[in-house]
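A.B. asks: Quick one: this structure, given as structure tokens, is what I'll be asking you about.
What follows draws every value from the coordinates through simple rules; no lab data is involved. Keep in mind that this is a model prediction, so the values were computed, not measured. Methodologically, a virtual Cβ is constructed for each residue, glycine included, from the backbone with ideal geometry; neighbour enumeration extends over all protein chains shown.
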Amino acid sequence: MKVISNTAISLDGRINTVEEQFTLLGSVVDHQKMEQIRRMADAVLVGGQTFRNWPYPSLSDQASNEHPIWNVIVSRSADIPLLPQFVEETRARKLLLLHKQTTLPSFPSSIEVEIYDGPLPVPPVAWMLDCLRQRGVQTLLVEAGGELLVQFLAADALDELYVTLCPLVIGGRTTPGLMGGTGFSQAELRRLTLLSSEVVGSEIFLHYSVNRAMKMEKN
Ligand SMILES: NC(=O)c1ccc[n+]([C@@H]2O[C@H](COP(=O)([O-])OP(=O)(O)OC[C@H]3O[C@@H](n4cnc5c(N)ncnc54)[C@H](OP(=O)(O)O)[C@@H]3O)[C@@H](O)[C@H]2O)c1
């Protein structure tokens, strides 16, 4: 399975403002690029916090009733707002990947649920990928924030990153960034190769691959 990500960041690497409401950092061109990237994927994955900010289907213009796109939400809390626009969207197949310790509400039958019951304190990326592999996913697009995205990078599961560098400065010690977690040491530093860059107005569209030496074997 190929795993790619797409994120719009400020010049200082932030992905949202202090309010942490849904915010579009990118321009109309960025939105068009997002559509193009979604076309490459048969699954789009976000974390609970991102979904709570935008609890709507993530579709591409190629998604149809015959060829729906997987919408995957990863959550420890199972605090997932379920609006009719999401639940009833037939162009998206819905999948929740949840933690076993969560007290689970009941979910509509249109939503598939997998619960991690392994030995680790939180569901690992390898398990998430297994759940998707079992469903035939070939290209996963991670549109999550930095807390989840860094877990894919740390697990050496991320193949390529699309990053839009937006002409904005957000600042702040607690505003979310492209990558969260505790950070990599010098020995663990992840290295990337720039595959392409495009300047459109004041935005820069960057496409990187994660260097092979740091990546696990995936099929
Ligand atoms: N600029 C952009 O392109 C962009 C893209 C995406 C998001 N954002 C913004 O970024 C912010 C969210 O950032 P975030 O880092 O919190 O992202 P996120 O995509 O919501 O990921 C974090 C959430 O995922 C769940 N989670 C994380 N690791 C997990 C694991 N191992 N197992 C199960 N669940 C796990 C938790 O959900 P629960 O809390 O439900 O347990 C956690 O709160 C929001 O403000 C969002 O709007 C911006």
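A.B. asks: With 10 angstrom as the radius, rank Asp130, Asp42 by how many other C-beta atoms surround their C-beta, starting from the fewest.
C.D. replies: Fewest-to-most ranking of Asp130, Asp42: Asp130, Asp42.
A.B. asks: Return Trp70, Trp54 ranked ascending by Cβ neighbour count within 10 Å, so the fewest neighbours appear first.
C.D. replies: Trp54, Trp70
A.B. asks: Translational diffusion coefficient of the range 65-111 at 4 °C, 1.567 mPa s, Stokes-Einstein with Kirkwood Rh over Cα pairs, in µm²/s as a whole number.
C.D. replies: After rounding, the answer is 113 µm²/s.
A.B. asks: Need one number: % antiparallel among DSSP beta bridges in the chain, to the nearest 5.
C.D. replies: Roughly 35 percent of the beta bridges in the chain run antiparallel, per DSSP.
A.B. asks: What Kirkwood radius, in Å to one decimal, follows from the Cα pairs of the chain?
C.D. replies: One decimal place: 18.0 Å for the Kirkwood radius.
A.B. asks: Oh, and also: Using the 10 angstrom Cβ neighbour count as an exposure proxy, how do Arg191, Arg91 rank, fewest first?
C.D. replies: The most exposed by this proxy come first: Arg191, Arg91.
A.B. asks: Placing unit charges on C-beta atoms (Lys and Arg positive, Asp and Glu negative, everything else neutral), compute the dipole magnitude of the chain about its Cα centre in debye, rounded to 20.
C.D. replies: With only Lys, Arg, Asp and Glu charged at Cβ, the dipole is about 340 debye.
A.B. asks: Then there's this: Taking Rh as the Kirkwood radius, which is the inverse of the mean 1/r over Cα pairs, what is the Rg/Rh value for the range 96-190?
C.D. replies: 1.01
A.B. asks: How would the range 16-65 be classified by its alpha-carbon gyration tensor: rounded, prolate or oblate, with rounded meaning a/c under 1.5 and the a/b versus b/c comparison settling the rest?
C.D. replies: Since a/c reaches 1.5 but b/c is at least a/b, the shape of the range 16-65 is classed as oblate.
A.B. asks: Here's another thing I want to ask about it. For the range 20-110, report the convex hull volume of the alpha-carbon atoms normalised per residue, in Å³, without decimals.
C.D. replies: Value for the range 20-110: 101 Å³ per residue.
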